[in-house]
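Input: a single structure, listed below in structure tokens.
Bear in mind these aren't lab numbers, they're just calculated from the coordinates by the rules spelled out. Predicted model only: the values in this text are computed from it and were never measured. A quick note on method: Cβ atoms are made from the backbone with ideal geometry, for glycine too, and the neighbour counts reach across all protein chains shown.
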Amino acid sequence: MFIEFFYLLRERKLMVSTTEWLDLCEALDSGLCGPSLLEFYHLCRAILVKSEADYDKFDMAFAIYFRDVENLPDIPDEVWKWLNGGEKTKDELWDKIDPNAPDYELDQLKKMLQERLQEQRSCHRGGNYWIGAGGTSVLGHGGFAKQGVRVGGESRYQSALQVARQRDYRDFREDNILDTRQFQLAFRKLRQYSSTMQAEKTELDIDGTIQKTSDNAGYLNLVFEKPRKNTVKLLLLFDSDGSMQRYSKLCSALFQAVYKSNHFSDLKVYYFHNCVYEHLYKDPACRRGEWVNTEWVLANLGSEYRVIFVGDAAMAPSELFREGGNCVIGMYNDIPGVDWLKRIKDRYPHHIWLNPIPERSWHDIFGHYTVEAIEEMIPMFELTLTGLEKGIKKLLVNR
Amino acid sequence: MNNAMSCFSGSTNYVASPELMHAVNVSIALEKPLLIKGEPGTGKTMLAEAISEALEKELIIWSIKSTTKAKDGLYVYDTVQRLYDSQFNEGNVADIKKYIKPGKVGEAFIAEKQPILLIDEIDKADLEFPNDMLWELDKMEFYIPETKETIKAKERPIVIITSNAEKELPDAFLRRCIFHYIAFPDPDTMRDIVKVHFADIENRLLDQALDSFYRLRGIRDIQKKPSTSELLDWIKALTISGIPIEKIEEELPFLGVLLKKNQDIDTVEQSRKRGFGLKGM
């Protein structure tokens with residue numbers, strides 16, 4: 001039952017397993033769910049979703065699957081009917097576009113939707129004013145207007161407001177032949193043994209035990225010592241902007257060196273696009289939604305993490321200093337990038353910036369203004385073997 | 001809930017949302033561990049206490065530390081004691097059983113009546129920890145090689161697991177759990193929670209305190225946001241000291257009860273000086 005719902009969830013990247021699905025069936029069989037949809041919703045969510053980060057995906061899928069059961073309250077039933085069927089191609093619609101049509105703000109569009117919902121009394125197709133399907137009106141779906149609010153239907157031409165440009169940068173993790181060994185050796189220096197820190201004495205000290213037992217005339221006297229383990233935790237923040245692409249080989253080498261250095265007690269890697277804002281992306285493609293909140297990182301990764309930024313630090317000054325400077329379309333940031341950098345810097349006393357641009361050009365390349373500003377804030381080293389070694393020394397120094 | 005299973009519906013001093021109660025009952029009925037996540041201070045640990053009180057079952061708490069190993073929860077074989085005993089010919093060293101002490105999970109398995117096992121802050125432990133517990137939590141049994149014994153739970157304990165989301169938990173582990181995220185209570189729920197603890201609190205005091213509390217939480221740069229337990233402490237301090245109600249918002253007395261980090265107190269002071277932090281954020 002509801003088997004399509006199961007696949008819809010998986011399609012929406014919610015990796016529900018068969019076990020969990022069977023659990024849900026068992027729960028339904030044993031009458032754990034009353035007649036209300038809300039109760040069913042909570043039951044499904046408790047069994048199928050295992051992270052609050054996925055609640056949203058689940059909500060969306062649930063809303064889609066059960067939209068016939070409970071419609072969105074502000075869009076009446078007939079409107080849904082009007083919108084079904086009869087789609088036209090982009091070319092057919094192209095010549096129908098009114099070149100003098102005004103550009104609407106999102107708020108305006110929302111207001112227009114409200115008004116039309118009150119005025120409109122019938123089904124519309126192919127027009128340019130009413131809510132309808134397959135036309136050039138800014139309200140409706142399956143149509144073609146420069147901008148607009150989609151009401152139902154699938155997205156056809158990505159031209160509604162707020163569609164950000166697609167960037168598919170190459171994943172740093174892919175293998176290449178560049179020798180990463182030298183970088184790896186440099187990273188090996190990044191360690192701090194727990195024996196020099198406060199820790200419980202849990203390991204048997206054999207030499208000590210022999211010594212003490214002999215002193216004790218052969219009666220056993222066990223001696224314990226602190227375990228000798230690397231306690232360094234590393235937070236790596238990679239810039240994966242287009243301007244970094246020419247350094248991708250170098251970054252890839254660094255990345256692999258870090259991954260192969262398995263002596264860190266923890267390693268977290270996130271990506272950003274030009275500058276750090278309220279989100280840190282989970283993979284280099286920096287896809288919308290596949291991110292963690294920078295706040296979350298600040299709150300959950302303790303100040304003992306050592307932070308390495310990798311990036312060219314070269315950008316338009318507004319991207320660093322201004323609110324709304326984020327160049328990704330539709331990603332308005334209330335806090336300027338520079339403040340985010342400052343917060344990370346304040347939270348983590350050990351931090352460095354590795355810059356793939358050679359140090360000699362830092363002061364005369366395009367974007368030198370922001371490079372200098374960041375250099376002033378965060379110790380910056382060039383991404384070469386020597387630079388990395390210097391940087392690691394800096395990371396180990398206390399405060 | 002139609003069938004006659006043990007049904008949890010909150011307790012006298014714990015305010016549970018309907019979804020949370022539902023999740024608890026589902027996990028009891030399906031005999032699966034309930035994984036509770038949420039901000040610190042949203043009452044994750046309290047939940048287990050409340051369930052134990054409401055269902056009148058014994059509560060066994062296993063607090064996880066960063067050094068905790070999965071095996072510690074099952075049993076501990078005190079080899080050092082045995083070694084010492086053998087040297088001094090004390091006790092019957094041949095009896096290994098004497099040196100095997102059950103851990104918290106072990107205790108829950110051998111309990112005569114169905115207990116509640118709380119595995120508190122599972123994310124504190126090593127990354128592999130949850131995976132090491134899979135078999136035991138699934139089958140509710142474990143094997144002690146030293147004595148060649150298998151300990152099997154007499155009654156499947158109700159397992160509650162809490163996590164502060166410090167580390168990601170492995171998928172295999174998550175698949176076996178029922179999950180619920182406790183959101184931070186909104187002002188209305190918070191009002192109920194405070195009333196449970198301070199039945200005869202003055203309404204005006206409560207209004208003022210809640211108002212200031214949610215404003216503090218709204219300040220962006222605060223690293224450790226005050227949580228429910230801090231609010232309760234603060235209200236207690238306010239009532240005991242008898243500070244005039246109108247001064248609460250103005251002076252924020254006993255700020256140290258709410259904020260535990262020097263930087264945070266500085267941040268609040270600064271934003272108050274600038275005059276906008278507490279107003280209108």
>> Please compute one quarter of the surface area of the Cα convex hull for chain B and express it in square nanometres.
In response: 19.5
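I want to verify the translational diffusion coefficient of region B:38-180 in µm²/s; compute it with Stokes-Einstein, Rh as the Kirkwood radius over Cα pairs, at 25 °C and 0.890 mPa s. Could the numbers behind the result be given before it?
Values: Rh = 16.5 Å.
Answer from the Stokes-Einstein relation: 149 µm²/s.
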> Give or take rounding to whole Å, what are the principal axis extents of the alpha carbon atoms in region B:187-273, in descending order?
Replying inline: 34, 25, 17
> Which whole-number percent gives the relative contact order of chain B, counting Cα pairs below 8 Å spaced six or more residues apart?
Replying inline: 22
> Using θ = phi - 60° and the Karplus curve 6.51 cos²θ - 1.76 cosθ + 1.60, what whole-Hz ³J(HN,Hα) does each residue of region B:103-118 get, with Gly and Pro shown as x?
Replying inline: x, 5, 5, x, 4, 5, 6, 8, 4, 6, 9, 4, x, 10, 9, 9
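What FRET efficiency would be calculated for the residue pair residue A:322, residue A:346, taking the C-beta separation as r and a Förster radius of 35 Å, to the nearest 0.05?
Values: r = 21 Å, r/R0 = 0.59.
With a Förster radius of 35 Å, E is 0.95.
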> Between region A:266-281 and region A:197-235, how many Å separate their Cα centres?
Replying inline: 40
>> Angle check, please: helix B:18-30 long axis (alpha carbons) against the longest principal axis of chain B (alpha carbons), in degrees 0 to 90, nearest 10.
In response: 10
>> Run the simple label-point estimate for residue B:146 and residue A:360 please: 7 Å along Cα→C-beta, distance reported in nm.
In response: 6.7
> Which angle between 0 and 90 degrees, to the nearest 10, do you get for helix B:228-241 versus the longest principal axis of chain B when only C-alpha atoms count?
Replying inline: 50
> With axes computed from alpha carbons, what is the tilt in degrees of helix B:262-273 against the longest principal axis of chain B, rounded to the nearest 10 within 0 to 90?
Replying inline: 20
> Per residue, what volume in Å³ does the convex hull of the Cα atoms of region A:274-399 enclose?
Replying inline: 106
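When the chain is fully extended, how far beyond the present Cα-Cα distance does residue B:97 get from residue B:83, taking 0.36 nm per residue of separation? Provide the component values of the computation, followed by the final result.
Working: separation 14, 0.36 × 14 = 5.04 nm, distance 1.42 nm.
Gain on extension, residue B:97 to residue B:83, equals 3.6 nm.
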> Among B:172, B:70, B:94, which one moves the most in a GNM of chain B with springs linking Cα atoms closer than 10 Å?
Replying inline: B:94
> Using θ = phi - 60° and the Karplus curve 6.51 cos²θ - 1.76 cosθ + 1.60, what whole-Hz ³J(HN,Hα) does each residue of region B:56-66 get, with Gly and Pro shown as x?
Replying inline: 6, 10, 5, 10, 10, 9, 10, 8, 8, 10, 5
> Applying 1/(1 + (r/R0)^6) with R0 = 56 Å to the Cβ-Cβ distance of residue A:217 and residue A:19, what FRET efficiency is obtained, to the nearest 0.05?
Replying inline: 0.40
